[in-house]
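Data block below; observations after.
Throughout, read-outs are computed from the coordinates displayed, never taken from laboratory work. Note that the structure is predicted; figures quoted are calculated from it, not measured. Every residue, glycine as well, gets a Cβ built from its backbone with ideal geometry; the counts of neighbours run over all protein chains shown.
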Amino acid sequence: MMIAQRFAAAAALFLMAGTSSLHAQSITEIAAGDDRFTTLVAAVTAAGLAETLAGPGQFTVYAPTNDAFAALPAGTVETLLKPENKGQLTDILLYHVDDRVLMAAGIPSGSNYFKPLLTSQRLCITSEGGKVTIADGTGAVANVIIADIKADNGVIHVIDKVLLPGTRPACH
């Protein structure tokens, strides 16, 4: 079992402890309970962001799947999970979070800049014909493959690519 998988399994158990069926689930609880997000949960936990995304607030999280993390160059995830790389990991993860609830239907038509949480970077989110895509700082584009997973503290949009900061994406 890879280090990331073992870490993710432990993180999921920790995050799910105390989860009650009597209340709505937070973004963290939803991610921890879904096998498609084990790498994301491991990363969020390593960055110390699990409590934030489980707490009060209104967030939109663009959640990369395990396959999206696996598409990164070999060794990238393991390197980012090391304690000495916590700052870089945190920056990448915060690039996936907005401090508002943005339902897919509420994203304006066309291409628009959005500012992720706690970063000076920008994303270019395009909504056309019911399809939403997100251009990151590398110029690459993620597709929203599942939209509007509602949590008690926001919404999750599942994406097929890890968003990476860089230069301002072209947004036309």
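At a glance:
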read-out	value
Simple Cβ-charge dipole of segment 3-159, Lys/Arg +1 and Asp/Glu -1, about Cα centre, in debye nearest 20	140
Added length on full extension, which subtracts the Cα-Cα distance from 0.36 nm per residue, THR76 to ILE145	22.5 nm
Percentage of interatomic Cα-Cα distances in segment 3-159 larger than 18 Å	57
Dipole of segment 3-159 [Lys/Arg +1, Asp/Glu -1 at C-beta], most positive-end residue of ALA24, LEU123, VAL158	LEU123
Segment 59-144 - charge dipole about Cα centre, Lys and Arg +1 at Cβ, Asp and Glu -1, debye rounded to 20	160
Calculated over segment 81-172: convex hull of Cα atoms, volume per residue (Å³)	104
Ordering of 166-172, 110-116 by packing [mean C-beta count within 10 Å, highest first]	110-116, 166-172
Lysines with Cα under 30 Å of LYS86, excluding same-chain neighbours fewer than 8 positions away	LYS115, LYS150, LYS161
